[in-house]
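Each remark here refers to the structure printed beneath this line.
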Amino acid sequence: MNEQILAMLKELRPEFDFSDSDDFVIDGLLDSFDIISLVSMLEEKYNIKVDGLDIIPENFSSIDTMIALVQKSGGII
């Protein structure tokens, strides 16, 4: 799943190297529009529905937090 999420990030923002960041939001790699796009991509890829209350920057700060969000939303790894 790490590689799949990394591929989504690279598709969304190819100009950034996400492997060098500890927090994608704080480091300015993702903004609110990117997060909304990621929600849509994750929902489609993993056949899940992300609760609106879970669409917060903390859930998109790293690949690990996104994996946890997918799992919380019913996605299977």
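What to note about this one:
- Remark: pairs (first residue in the stretch 60-75, on the phi > 0 side of the Ramachandran plot; second residue in a loop (DSSP other than H, G, I, E, B); Cβ separation under 8 Å; 6+ apart in sequence or on different chains) = G74/I48; G74/K49.
- Of all the criteria given as (1) in a helix (DSSP H, G or I); (2) touching a helix residue (DSSP H, G or I) at 6+ places or on another chain (Cβ under 8 Å); (3) open to solvent by 80 Å² or more (accessible area, probe 1.4 Å), the one not satisfied by I76 is (1).
- For D51, the test of being at pLDDT 95 or above, open to solvent by 30 Å² or more (accessible area, probe 1.4 Å) and more than 12 Å from the chain's Cα centre (by Cα) is passed.
- Residue in the stretch 9-25 that is of a type in the set (D, E, K, R) and open to solvent by less than 30 Å² (accessible area, probe 1.4 Å) present: no
- Restricting the stretch 1-28 to residues that are in contact with a helix residue (DSSP H, G or I) (Cβ under 6 Å, 6 or more places away or on another chain) and part of a loop (DSSP other than H, G, I, E, B), the residue that is farthest from G75 (Cα to Cα) is V25.
The values are calculated or read from the model by the stated rules, or taken from the named source; none is laboratory data. Values in this document were obtained by computation on a predicted structure and should not be read as measured data. Please note: Cβ atoms are built from the backbone with ideal geometry, for glycine as well, and neighbour counts cover all protein chains shown. Note: areas computed on protein heavy atoms with side chains; ligands, DNA, RNA excluded. Shrake-Rupley method; radii C 1.70, N 1.55, O 1.52, S 1.80 Å.
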